[in-house]
Amino acid sequence: MSRPHIDKILYGGDYNPEQWPKEVWDTDHRLFTKAGIDTLTVGVFIWSLTQPAPDTYDFTVLDDILDRASAEGRRVVLATGTAALPPWLAKAHPEVNRTDFEGRRHAYGQRHNFCPSSRTYRQLSTALASRLAERYAHHPALLAWHVNNEYGGACYCERCAEAFRAWLRERHGSLDALNDAWCTTFWSHRFTDWSQIEPPNALTEHWRGPDHTAFQGITLDYLRFTTDALLGCFVAEKEAIRAHDPSTLVTTNFMGMYRPLDYHRWAPHLDFASWDSYPPLDKPPSWPALAHDLMRGLKDGAPFWLMEQAPSTTACRDVNPLRRPGELRLATWQAVAHGADATLYFQMRASRGASEKFFGAVIGHAGREDTRVFSEVAALGAELKSLGAATVGARTPARAALLFDWDSWWALEISDGPSRLVKYLDVVHAYYGAARAAGADVDVVPVTADLSAYDVVLAPALHLVKGDLAARLEAVAERGGTVLTTFLSGRCDEHDRAFLADVPGPLAPLMGVRVDEWDARPAGVTNPLDGGGGEGSLVFEIVIPQGAEPVARYTSDFYAGTPAVTRNRFGESGGEGWYVATHLDEAGTDRVVRAVLARHDLVGPYAEHRDVESATRVAPDGTRVLFLLNHGAAAAELTAHTTATDLLTGERHEKGGPLTLGPLGVAVLRVE
């Protein structure tokens, strides 16, 4: 593989000129030039044009799209177009259509409508990818390959059942091992033949939806299987591309914190990570920041590409607010601050019909260049051009890590008890957000990651403890670091079987605590902690110290006076294990996390400015770039903690001097 030469942050987005006559293309490219657009993602949903019949391929439109991009000096991320079936395929081979969770075989429609276990789909999708690679591998416009699009969903057909059984044979080896892993002596479920195993769905092990299952082990394995089944589709297309193009980078666009697929299992197969950012409307800026850092962590801290974001408004929600003036710029620079080497939009020109016709676009239906949105996009394009290659390839020098584990996410939220009100992302985000608010750069990494570079490891809601993880966490503390974990951690093994040990299982020696009981209460029931430590809710574990010292205690109910937060000295180098036994509110979480970070001098210089986000990247030449982002509606008056030059304005800031960020303001500072 050879990485393409990139001399600036890539800028552009999804472009579907096949929807428009060619005279519209002329307008588009003129406006692209005006806006500084250099990169186009094309062919994402073009299968029905490139293969209009089983034995017919027609690349005329795609030829014109790529040739025009090349003539205009633009690069192309070329999609294989295999995310949505053409109608003829579904009609000729109805078995490629998915069967849903309720057991209904779907007819043709929508997208993500293929069965991942379908041999027909695999054969035809790889054949198309192969032909595309053979035709365009050496095209001057080609920058990267984009396989499929936003993989997702699940299928429960008989072919998937057969594939699941084969996957289980490989994973468990024998029925005895599988029965032991799934605890099938419960409810007379012991399997004596592989054919007896059915996918867990509404007709078998589930009631009240996908999160209510009688056998967590079966459902957990089916989630893993679905991840691998869809990954197999990606790998097959990538291999088909590689047969003709051994060097161009290949990716597919992820969806950030997307529960159905374990992206850590996909990461080794991607040449670079890319993702689509459409944060929930009610979430703070630390929510997309967490997703950015998760995506950066997929490839050991290498830069990612922001493959999609809305320039103005989405159209996929019941209510779709407009981005206010300045919000697009701020969101884009936030992505760059967290590791993006590309910032691309969905979409470049608004679709005329179907479900995305009101989805925001750089160019609206009227094709105007005097709109506010286009003006903001063009101004941002000029800023990115002026920045040049200053941050391209730059990495984040984090000394704090947050463990993110899809298995724990799945297992926690399909568990009966202690509380279905506990949501994995809410817990993880609370600790990540507290660390970011304190000004710490954070790597978001899998539980298999090398932890030797980190002084602080945050492991909230680490429900499953797998392999040698407990020993590696102890090693962090043994060399003087700090490990923090929370309630409902260390409960189960990789098969979601409870440890036959005191809670928190393998984490107990590091944490120095024992938990025999836990209380779950409805939302709104809180228990204040002493000493101004905030208040807990949802789950209240009753901690018995086994060497740990209390940091904060419950103040109400029969367990008043027992520890809610503890600190345990571990090892000969002053390391510590912190245990938080309840779902703390924001104030309590901030207090605990800042105490942990302060031990290692990781609280940032602007931590008292709640609306100001800071992030650092170090370029390949060693240049240190500090990003300051003001998410507030008022100006932020700061004191520069070091001498630096703003790469966007050229303004020099002396250490100790004033540094003002306007409302939604951004500073990109080269630290001297």
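Test of understanding: among P658, P620, P605, which residue is within 30 Å of G531 (Cα to Cα), surrounded by fewer than 16 Cβ atoms within 10 Å (Cβ to Cβ) and not assigned by TED's automatic domain parsing to the domain that holds V428?
P605
Just to be sure I understand, how many residues within the range 99-140 are part of a loop (DSSP other than H, G, I, E, B) and crowded, with 21+ Cβ neighbours inside 10 Å?
Counting residues in the range 99-140 that are part of a loop (DSSP other than H, G, I, E, B) and crowded, with 21+ Cβ neighbours inside 10 Å gives 4.
Out of the range 222-244, which residues are under 17 Å from L142 (Cβ atoms) and either surrounded by 21 or more Cβ atoms within 10 Å (Cβ to Cβ) or within 20 Å of the chain's Cα centre (by Cα) (or both)?
E237, K238, A240, I241
For the structure I just gave you, tell me whether L648 is within 16 Å of T391 (Cα to Cα) and in a loop (DSSP other than H, G, I, E, B).
So L648 fits the description; yes.
Within the range 389-405, identify whether any single residue is crowded, with 22+ Cβ neighbours inside 10 Å, modelled with pLDDT of 95 or more, within 18 Å of G13 (Cβ to Cβ) and outside the structural domain of Q216 (by TED's automatic domain parsing), and answer yes or no.
No: zero hits.
Any idea which of (1) touching a Cys at 6+ places or on another chain (Cβ under 9 Å); (2) assigned by TED's automatic domain parsing to the domain that holds L344; (3) of a type outside the set (G, A, S) is the one T56 doesn't satisfy?
Checking T56 against (1) touching a Cys at 6+ places or on another chain (Cβ under 9 Å); (2) assigned by TED's automatic domain parsing to the domain that holds L344; (3) of a type outside the set (G, A, S), the one that fails is (1).
Pick from the range 629-639 the residues that are in a loop (DSSP other than H, G, I, E, B) and touching a strand residue (DSSP E or B) at 6+ places or on another chain (Cβ under 9 Å): which of them is farthest from A335 (Cα to Cα)?
Filtering first and then ranking leaves A635.
Is it the case, given these coordinates, that R190 is charged (D, E, K, R), under 19 Å from I414 (Cα atoms) and either in contact with a His (Cβ under 9 Å, 6 or more places away or on another chain) or surrounded by fewer than 20 Cβ atoms within 10 Å (Cβ to Cβ) (or both)?
So R190 fails the test.
Answer yes if at least one residue in the range 41-61 is crowded, with 21+ Cβ neighbours inside 10 Å and more than 26 Å from L230 (Cα to Cα), and no otherwise.
No, the range 41-61 contains no residue that is crowded, with 21+ Cβ neighbours inside 10 Å and more than 26 Å from L230 (Cα to Cα).
Filter the range 427-450 down to the residues that are of a type in the set (V, I, T) and either free of Cβ contacts under 8 Å to residues at least 60 places away in the same chain or part of a loop (DSSP other than H, G, I, E, B) (or both), then identify the one that is surrounded by the fewest Cβ atoms within 10 Å (Cβ to Cβ).
T448
Restricting the first residue to the range 149-171 and requiring it to be without any contact (Cβ under 8 Å) to a residue 40 or more places away in the chain and aliphatic (A, V, I, L, M), which pairs with a second residue that is surrounded by fewer than 21 Cβ atoms within 10 Å (Cβ to Cβ) and assigned to a loop (DSSP other than H, G, I, E, B) meet a Cβ separation below 7 Å and a spacing of at least six or different chains?
A161/E198
Can you name every residue in the range 276-294 that is of a type outside the set (D, E), in contact (Cβ under 8 Å) with a residue 60 or more places away in the chain and not in a loop (DSSP other than H, G, I, E, B)?
Answer for the range 276-294, where residues must be of a type outside the set (D, E), in contact (Cβ under 8 Å) with a residue 60 or more places away in the chain and not in a loop (DSSP other than H, G, I, E, B): S286, W287, A289, L290, L294.
Pick from the range 355-369 the residues that are more than 21 Å from T332 (Cα to Cα) and out of contact with any strand residue (DSSP E or B) (no Cβ under 9 Å at 6 or more places or on another chain): which of them is surrounded by the most Cβ atoms within 10 Å (Cβ to Cβ)?
Only one residue fits best here, namely E356.
Determine, yes or no, whether D590 is among the acidic types (D, E), under 29 Å from the mean Cα position of the chain (by Cα), within 15 Å of L484 (Cα to Cα) and modelled with pLDDT of 95 or more.
yes
Filter the range 529-557 down to residues that are outside any strand (DSSP E or B) and touching an Asp or Glu at 6+ places or on another chain (Cβ under 9 Å), then give me how many there are.
Number of matching residues: 4.
Going through the range 605-628 one residue at a time, which ones are of a type in the set (S, T, Y) and in a strand (DSSP E or B)?
S614, T616
Of V96, V147, which residue is among the β-branched types (V, I, T), over 25 Å from W207 (Cβ atoms) and in contact with a Cys (Cβ under 6 Å, 6 or more places away or on another chain)?
So the residue among V96, V147 that is among the β-branched types (V, I, T), over 25 Å from W207 (Cβ atoms) and in contact with a Cys (Cβ under 6 Å, 6 or more places away or on another chain) is V96.
Just checking, does the range 592-600 include any residue being part of a loop (DSSP other than H, G, I, E, B) and either touching a residue at least 24 places away in the same chain (Cβ under 8 Å) or not assigned by TED's automatic domain parsing to the domain that holds F487 (or both)?
yes
Could you count how many residues in the range 62-74 are outside any loop (DSSP other than H, G, I, E, B) and surrounded by 15 or more Cβ atoms within 10 Å (Cβ to Cβ)?
Within the range 62-74, residues that are outside any loop (DSSP other than H, G, I, E, B) and surrounded by 15 or more Cβ atoms within 10 Å (Cβ to Cβ) number 6.
Please verify whether A587 is surrounded by fewer than 16 Cβ atoms within 10 Å (Cβ to Cβ), over 26 Å from Y454 (Cα atoms) and either in the same structural domain as P418 (by TED's automatic domain parsing) or touching a residue at least 12 places away in the same chain (Cβ under 8 Å) (or both), treating the condition exactly as stated.
no
When the range 341-397 is examined, which residues are found to be of a type in the set (A, V, I, L, M, F, W, C), assigned to a strand (DSSP E or B) and more than 25 Å from the chain's Cα centre (by Cα)?
Of everything in the range 341-397, just one residue is of a type in the set (A, V, I, L, M, F, W, C), assigned to a strand (DSSP E or B) and more than 25 Å from the chain's Cα centre (by Cα), namely I363.
If you go through the range 427-435 one residue at a time, do you hit one that is in contact with a strand residue (DSSP E or B) (Cβ under 8 Å, 6 or more places away or on another chain) and over 30 Å from H495 (Cα atoms)?
Taking every residue of the range 427-435 in turn, at least one turns out to be in contact with a strand residue (DSSP E or B) (Cβ under 8 Å, 6 or more places away or on another chain) and over 30 Å from H495 (Cα atoms).
The values are calculated or read from the model by the stated rules, or taken from the named source; none is laboratory data. A quick note: this is a predicted structure, and the numbers were derived from the prediction, not measured. Every residue, glycine as well, gets a Cβ built from its backbone with ideal geometry; the counts of neighbours run over all protein chains shown.
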